[in-house]
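K.L.:
Structure incoming, see below.
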Amino acid sequence: MSKFELKLPQMGESVAEATLTSWLKEVGDTIEMDEAVFEIATDKVDSEVPSEVDGILLEKRFNVDDVIQVGDVVAVIQIEGEAENTSSGIDSEGESEVEDAMEEPVMALENQMTQVKESVSAPAHDFSSSERFYSPLVKNIAKEEGVSMEELEAIVGTGLEGRVTKNDIMAFLEQRSTNGSKPAETTTTTTVEEKVTTTEPKAQKEAAEKPKTAPVQVGKDDEVIPLTRMGKLIAHHMVESVSTSAHVQSFVEVDVTNVVNWRNKVKKAFEEREGEKLTFTPIFMEAVAMALKKYPMMNISLDGDKVIKKKHINLGMAAALPDGNLIVPVIKNADQLNLVGMANTVNDLASRARNNQLKPDEVKDGTYTVTNVGSFGSVFGTPIINQPQVGILALGAIRKMPSVIETDQGEYIGIRSKMFLSHSYDHRVVNGALGGMFVKAVADYLEAWDINREI
């Protein structure tokens, strides 16, 4: 017998952790390869994590609602024979039984000592009332060291979305120890002028300098609706993007009459042949992919003082969920798909996004994002960049409008189908010329659409 460590998989370049939402198996249950063991949630997707081996669930390392870092061991599975990914410390049955025999009483003793220490030497603090997220590890350190709610709230977090990490709280404790036993201030009294000098820890000083949000008055007839977990994560992600990138916008009006007429001509035959509806989305996605090939410096990310030029064109497609939240499935290698392949991929991802059936791999590695604000009736919008990308395109509503049409025989007024493209881009690395030329390239591709194109 040997043991296999089931770890939290990588779920995207900007995803470092996930919340354990439920266990699908109990200790002692038999597990088959590719069978789901537990469910996790990130700011991008809810997903099941399958087992990579056949075996029996031996140990759960985390509880529901715990935050897990990518690469952490979440479960231990007992398997027959040798496992490829077992850790070096539990290679054989004999060694693991000896280690388990030694570790269990030690861990039990450590847990007892921790409980005694918390109940005797540390004041009981309840951090559940805070609107800010703290990991179980940070909460335990705070309880053990007697850190009050006010002190914890004042610590500036350096983790994902400003979360307080272990290093942040340890640095605070070290600074508090250096400044003296009082965490909030160190007071020195002089005998000459009886002056009192107060020194605040850096974290508290920075927090005090931040502008405070005005309190919201709640009337007796008002309804208070708590944000969902995904809602909170999206809110933090949006604020982080605005504070990271210098957002600017370029707008282009596009005549899509040829696109509209062509789609009306072929959509019935396409649906009968492919069993899928032909929407405008795959057409727009094709245009964006072609523009990214023409202007590859829009297909980049900024990492400190380095620009990462992406080899693959992976288009994020913002999709609305039934609860009002958004999710962004990714069309991988979009420039290599023909229009039929693009339509099938778009319909499949959109359908499974609405039913919460996307896999973690299908919402990661996006290099540019497209969002359709026109589906809600908006003429145009100013979308927020999906980090760590540098651009996002909003598609406005298609409307019939009177327009001046130029011909060799002169000009006349006609009815045309038009829409606005709104391009938000990161002005730190994308100047106005590139941002404008890119969205103009998308417009030119759509306006030059071949009305006789075969599909």
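The values are calculated or read from the model by the stated rules, or taken from the named source; none is laboratory data. It should be emphasised that the depicted structure is a prediction, and the values quoted were computed from it without experimental measurement. Glycine also receives a Cβ, built like all others from the backbone with ideal geometry; neighbour counts cover every protein chain displayed.
K.L.:
Give just the number: which of (1) more than 22 Å from Ala319 (Cβ to Cβ); (2) under 19 Å from the mean Cα position of the chain (by Cα) does Leu434 not satisfy?
P.N.:
Tallying (1) more than 22 Å from Ala319 (Cβ to Cβ); (2) under 19 Å from the mean Cα position of the chain (by Cα), Leu434 fails exactly one: (2).
K.L.:
Please determine whether any residue of region 188-201 is assigned to a loop (DSSP other than H, G, I, E, B), at pLDDT below 85, surrounded by 10 or more Cβ atoms within 10 Å (Cβ to Cβ) and not β-branched (Val, Ile, Thr).
P.N.:
Taking region 188-201 first, the residues assigned to a loop (DSSP other than H, G, I, E, B) are 190-195, 200-201.
When the remaining residues are screened for being at pLDDT below 85, the result is 190-195, 200-201.
Next, from what is left, pick out any that are surrounded by 10 or more Cβ atoms within 10 Å (Cβ to Cβ): 200-201.
This time we only want the ones that are not β-branched (Val, Ile, Thr), so: 200-201.
Yes: region 188-201 contains one or more residues that are assigned to a loop (DSSP other than H, G, I, E, B), at pLDDT below 85, surrounded by 10 or more Cβ atoms within 10 Å (Cβ to Cβ) and not β-branched (Val, Ile, Thr).
K.L.:
Tell me the residue from Thr257, Thr281 that is farther than 26 Å from Gly391 by Cβ, out of contact with any His (no Cβ under 8 Å at 6 or more places or on another chain) and surrounded by 18 or more Cβ atoms within 10 Å (Cβ to Cβ), please. I'd like the intermediate steps shown before the answer.
P.N.:
On the way: Thr281 fails: farther than 26 Å from Gly391 by Cβ.
Only one candidate qualifies: Thr257.
K.L.:
Please work out if Ile300 is among the β-branched types (Val, Ile, Thr) and farther than 28 Å from Val266 by Cα.
P.N.:
On the way: among the β-branched types (Val, Ile, Thr): yes; farther than 28 Å from Val266 by Cα: yes.
Yes; evaluated as a whole, the condition is true for this residue.
K.L.:
Is there any pair linking a residue in region 333-356 that is assigned by TED's automatic domain parsing to the domain that holds Gly316 and at positive phi to one that is at pLDDT 95 or above and among the aromatic types (Phe, Trp, Tyr), with Cβ under 6 Å and at least six apart or on different chains, and which?
P.N.:
Short answer, once both residue conditions are applied: none.
K.L.:
How about region 376-410: which of its residues are surrounded by fewer than 16 Cβ atoms within 10 Å (Cβ to Cβ), closer than 18 Å to His423 by Cβ and of a type in the set (S, T, N, Q)?
P.N.:
Hits for region 376-410 are Ser378, Thr382.
K.L.:
Ok, one more. Please verify whether region 416-429 includes one or more residues that are more than 37 Å from the chain's Cα centre (by Cα), in contact (Cβ under 8 Å) with a residue 40 or more places away in the chain and not in a strand (DSSP E or B). Outline the logic, then answer.
P.N.:
At the first step, the residues of region 416-429 found to be more than 37 Å from the chain's Cα centre (by Cα) are 416.
Restricting the remaining residues to those that are in contact (Cβ under 8 Å) with a residue 40 or more places away in the chain gives 416.
After this cut, where a residue has to be not in a strand (DSSP E or B) as well, the list is none.
There is no residue in region 416-429 that is more than 37 Å from the chain's Cα centre (by Cα), in contact (Cβ under 8 Å) with a residue 40 or more places away in the chain and not in a strand (DSSP E or B).
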